[in-house]
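The structure under discussion appears below in the form of structure tokens.
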Amino acid sequence: RRACRANRWRLAASALFAGLGALALPWEPEPFQAALAVFANLGACYGFASTLLPGREPLITRYTRFDFGHLPPDCALYTRRLTVLWAALLVAFAAAQAVALAGHWRPSAGLAAEAVLCGAVFLGEHLVRGWRFPHHGRPTLRRTVRAVRLAHTAGDAR
């Protein structure tokens, strides 16, 4: 509740932007799906990329800090680069859906490819992290989900 009050203008602007964006969406099912995917991917990309600004903690770095209770120094560059990777991947998916919106292929094919690629990157990163940082213990999906949940429920400590 306190965070909502502190950010009420940002929330109001976001709601206005979302409402105007919804009005701009096409009403046919296929283009609607593609346009919605563009907005969703750009929103998620913003969530990652905005944390890369000076003075901010990269999102994956924050998750790692909540996983271990501190940020292991040898993980700082890795987590920053992983945040960049996810931001780039999401903007690429937004661009692909924009191409689908132009009618070059079916948006559902793009969404299926996106789901497979996101899953592969997410799971593959766990393998890379285990190989690169074996001294930090085996990374598991349960640990990752726990760290993400803790980071997001911790409030506005960013």
Can you name every residue in the stretch 35-61 that is more than 20 Å from Leu150 (Cα to Cα) and open to solvent by 60 Å² or more (accessible area, probe 1.4 Å)? Leu36, Phe39, Ala40, Leu42, Tyr46, Leu53, Pro54, Gly55
Only one of these conditions is not met by Pro54: (1) at pLDDT 90 or above; (2) part of a helix (DSSP H, G or I); (3) not hydrophobic (A, V, I, L, M, F, W, C). Which number is it? (2)
Is it the case that some residue within the stretch 63-81 is over 20 Å from the mean Cα position of the chain (by Cα), of a type in the set (Gly, Ala, Ser), surrounded by fewer than 18 Cβ atoms within 10 Å (Cβ to Cβ) and closer than 22 Å to Ala151 by Cα? yes
Could you check, for the stretch 114-126, whether at least one of its residues is assigned to a loop (DSSP other than H, G, I, E, B) and aromatic (Phe, Trp, Tyr)? no
Of all residues in the stretch 57-88, how many are in contact (Cβ under 8 Å) with a residue 12 or more places away in the chain, within 17 Å of Phe133 (Cα to Cα) and not in a helix (DSSP H, G or I)? 1
Any residue in the stretch 116-126 that is open to solvent by 70 Å² or more (accessible area, probe 1.4 Å) and over 25 Å from Glu57 (Cβ atoms)? yes
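The values are calculated or read from the model by the stated rules, or taken from the named source; none is laboratory data. The shown structure was predicted, so the numbers you read here are calculated from the model rather than taken from an experiment. Reconstructed Cβ throughout: ideal geometry from the backbone, glycine too, with neighbour counts over all protein chains shown. These area figures cover heavy atoms from the full protein model, side chains too; ligands, DNA and RNA do not enter into them. Shrake-Rupley method; radii C 1.70, N 1.55, O 1.52, S 1.80 Å.
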